[in-house]
Each structure stands twice: as structure tokens, then as C-alpha cells.
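The values are calculated or read from the model by the stated rules, or taken from the named source; none is laboratory data. Values in this document were obtained by computation on a predicted structure and should not be read as measured data. Every residue, glycine among them, receives a Cβ derived from its backbone with ideal geometry; neighbour counts consider all protein chains shown.
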Amino acid sequence: MTRSEEQMHVSVERRESGRARLRKYVVTEEVQETVPVRHEEVRVEREPITESNRDQAMAGPDISEDEYEVTLHEERPVVRTETVPVERVRMTTEEKATQETVRGRVRKERIEAETEMIEDTGRPGRDVPKKGEGPRKGRQ
């Protein structure tokens, strides 16, 4: 007679468990920077005619119309943008090992031997139980 039983063999299989993705997108931010700027303003200066400057004042025509122009300058902020690389981003995978307990059910065959003995002779036959006992059975 052959007795058999199941044995549990545990292995692992590799399967896809999900996906990861890098996505680049553009956002616009308002930025603020304070820049010093300069400009020219006109100031009219008047000086009285004195004996020391009378000759210069009389050098022109007696009475006439005249015009004098000054060009004013100012600084204005000029904004330009430049694209510069700031970092590289990549994805890598890292394998982690953990322990996982696997539970399963296996079936096993058992073999029992049963003998019936006659109390008086010790030969096989019907077992006669003592008072209050059931049939005797031996197990291996």
C-alpha cells in the first residue's frame, strides 16, 4: 500500500503592479523685483542781473523771441527672460525585499492497521472486549 501526501512548494512570480510617470508642465508665476531707476527733471534757475554779469546779459538782441530746448533722459526697467536648465529629474526603481508568510492547505493520507485478537489464544479472530470496553484497535 502506498501512502501519499501533498507538499507545499512556494515560489514567486514577477508581475506588473502599477505604473509611475514623470509629467512636465508649465506654470506661470508672478515675480517681483525692485530696480533703482533714474530720471532727469527740469529746474528753472533765475539769477538777477548784476554789474558783474551785465555784459553777458546784453550780448544778445534787444527784444526778441527765442527758444531753448533741453533733452531729458530717464531709465526704464527692461525685462527679458532667459531659459536656463536648473535640474535634471529621472525615475529609478529600487528593489526592496521583505518577508511574507504564506499559508496553504495540504492533504495527507494516513494508514491505520486494525487487528482483532481473541483474548484466550492470541490468534486473529473476533476480539472479545472486557466488561465496559469497546473493541480494541491498534494504530500505527
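Considering region 63-81, and only residues there that are assigned to a loop (DSSP other than H, G, I, E, B) and touching a residue at least 12 places away in the same chain (Cβ under 8 Å), the residue that is surrounded by the most Cβ atoms within 10 Å (Cβ to Cβ) turns out to be Glu75.
Could you say which residue among Arg46, Arg107, Arg14, Arg38 is among the basic types (Lys, Arg) and either surrounded by 10 or more Cβ atoms within 10 Å (Cβ to Cβ) or modelled with pLDDT of 95 or more (or both)? Exactly one of Arg46, Arg107, Arg14, Arg38 is among the basic types (Lys, Arg) and either surrounded by 10 or more Cβ atoms within 10 Å (Cβ to Cβ) or modelled with pLDDT of 95 or more (or both), namely Arg38.
With the requirement that a residue be of a type in the set (Asp, Glu), closer than 30 Å to Arg110 by Cβ and part of a loop (DSSP other than H, G, I, E, B), what does region 1-56 give you?
Passing the criteria: only Glu6.
Please state which one of Thr71, Thr101, Thr50 is of a type in the set (Ser, Thr, Tyr) and under 44 Å from the mean Cα position of the chain (by Cα). Show your work before the answer.
Details: Thr71 fails: under 44 Å from the mean Cα position of the chain (by Cα); Thr50 fails: under 44 Å from the mean Cα position of the chain (by Cα).
Answer to the check: Thr101.
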